[in-house]
1. Kindly check whether there is at least one residue in the stretch 304-314 that is touching a strand residue (DSSP E or B) at 6+ places or on another chain (Cβ under 9 Å) and either part of a helix (DSSP H, G or I) or more than 28 Å from residue 207 (Cβ to Cβ) (or both).
2. Show me the strands (runs of 3 or more DSSP E) entirely contained within the stretch 35-88 in which 3 or more residues are under 18 Å from residue 100 (Cα atoms) and in the same structural domain as residue 159 (by TED's automatic domain parsing).
3. Going by the conditions given, is residue 239 in a helix (DSSP H, G or I), under 16 Å from residue 185 (Cβ atoms), at pLDDT 95 or above and assigned by TED's automatic domain parsing to the domain that holds residue 323?
4. Given the conditions (1) out of contact with any strand residue (DSSP E or B) (no Cβ under 9 Å at 6 or more places or on another chain); (2) assigned to a helix (DSSP H, G or I); (3) surrounded by fewer than 19 Cβ atoms within 10 Å (Cβ to Cβ); (4) in the same structural domain as residue 323 (by TED's automatic domain parsing), which single one is not true for residue 202?
5. Taking into account only those residues within the stretch 332-343 that are under 18 Å from residue 271 (Cα atoms) and over 36 Å from the mean Cα position of the chain (by Cα), which is modelled with the highest pLDDT?
6. Which ones in the stretch 222-240 are without any contact (Cβ under 8 Å) to a residue 12 or more places away in the chain and either exposed (fewer than 12 other Cβ atoms within 10 Å of the Cβ) or closer than 14 Å to residue 280 by Cα (or both)?
7. Is the stretch 211-219 home to any residue that is under 27 Å from residue 282 (Cβ atoms), assigned to a loop (DSSP other than H, G, I, E, B) and either in contact with a helix residue (DSSP H, G or I) (Cβ under 7 Å, 6 or more places away or on another chain) or touching a residue at least 60 places away in the same chain (Cβ under 8 Å) (or both)?
8. Looking only at residues in the stretch 114-146 that are over 22 Å from residue 162 (Cα atoms) and modelled with pLDDT under 80, which one is surrounded by the most Cβ atoms within 10 Å (Cβ to Cβ)?
């Protein structure tokens, strides 16, 4: 009788936890909040405080670690896990729960490099038969590890999480597509205009400088003529990646159109912008493009700089003055940086 009462009590607690997760995640549209709310409830029920969330990278066949909690897991974010590799990769590929290090599963968990654990359970987050990601719970029930019953319970609690998370991710991706360039995955001109308005207003309010770089690739048409437009598009993607990797985290890189790019530099004056522009110019010129496609193409760029409020007090003025400065660099022989002048034509600096 006591066992039956205990089982009934446990069943009620599990239903309560499940209902709490359904209510909490059903109201949220932010993926991180959905995960944190759900894992807070699961932690109360299981005592597990260490976990790893990896999401499926669309079209890439890999998982990417998006969120973690607990000791020794903080440095994993952004780690890519190939399909079928390790505990998480196997769970995603098989679309089945995988337990390691627990009762009946003596093998130690095959977790991402550097993670030490006695036991773990990886649960695929399934929506309509496809794995949108994997949640791995680490070190359950001390030395005993996870039991099959634990894995079944966690799987039950994560079912509504997968539904809510998938909907939130679809919403986030649709929002990103509206401001993202289809080819390079950088921001597009729509986002550029909105970001410039926001940054100009911030600079005006706090009286800090703001600079804009306008960049145009030199003679890019020759790549299309020699290697075809497909290679030209791939080269643009690679150039965009070089620019993004060269600037700071706070800077906003956008594809303006064609082979033109812009970089918004918050809290950056003219001289600071010149240093960053020179670094971009040098990195673009030093990189070999299309190597993965059997070519070694070199590209250079001409860059123009305009700074708020020296060269303009609106986003449109900054774009116009930086564009004008870029043409000065072109006219001086290309592969150069020019700075706009508030009273005179743009001044060449390299």
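1. no
2. Values: elements: 50-57, 62-69, 80-82.
Per the criteria, 50-57.
3. Values: in a helix (DSSP H, G or I): yes; under 16 Å from residue 185 (Cβ atoms): yes; at pLDDT 95 or above: yes; assigned by TED's automatic domain parsing to the domain that holds residue 323: yes.
Taking the combined requirement at face value, the residue satisfies it.
4. Answer for residue 202: the failing condition is (1).
5. Of the residues in the stretch 332-343, the ones under 18 Å from residue 271 (Cα atoms) are 336-343.
Subsequent filtering for residues that are over 36 Å from the mean Cα position of the chain (by Cα) retains 341-343.
On the way: 341: 80, 342: 69, 343: 59.
Residue satisfying both the conditions and the ranking: 341.
6. Our first condition is that a residue be without any contact (Cβ under 8 Å) to a residue 12 or more places away in the chain; within the stretch 222-240, this holds for 222, 224-226, 228-230.
Those that are without any contact (Cβ under 8 Å) to a residue 12 or more places away in the chain and either exposed (fewer than 12 other Cβ atoms within 10 Å of the Cβ) or closer than 14 Å to residue 280 by Cα (or both): 225, 226, 228, 229, 230.
7. So the first thing to find is which residues in the stretch 211-219 are under 27 Å from residue 282 (Cβ atoms), and the list is 211-219.
Checking which are assigned to a loop (DSSP other than H, G, I, E, B) leaves us with 218-219.
Remaining after also requiring either in contact with a helix residue (DSSP H, G or I) (Cβ under 7 Å, 6 or more places away or on another chain) or touching a residue at least 60 places away in the same chain (Cβ under 8 Å) (or both): 218-219.
Taking every residue of the stretch 211-219 in turn, at least one turns out to be under 27 Å from residue 282 (Cβ atoms), assigned to a loop (DSSP other than H, G, I, E, B) and either in contact with a helix residue (DSSP H, G or I) (Cβ under 7 Å, 6 or more places away or on another chain) or touching a residue at least 60 places away in the same chain (Cβ under 8 Å) (or both).
8. That would be 145.
The values are calculated or read from the model by the stated rules, or taken from the named source; none is laboratory data. Remember, predicted model here, so these are calculated numbers, not experimental data. Here the Cβ is made from the backbone with ideal geometry for all residues, glycine too, and neighbour counts use every protein chain on show.
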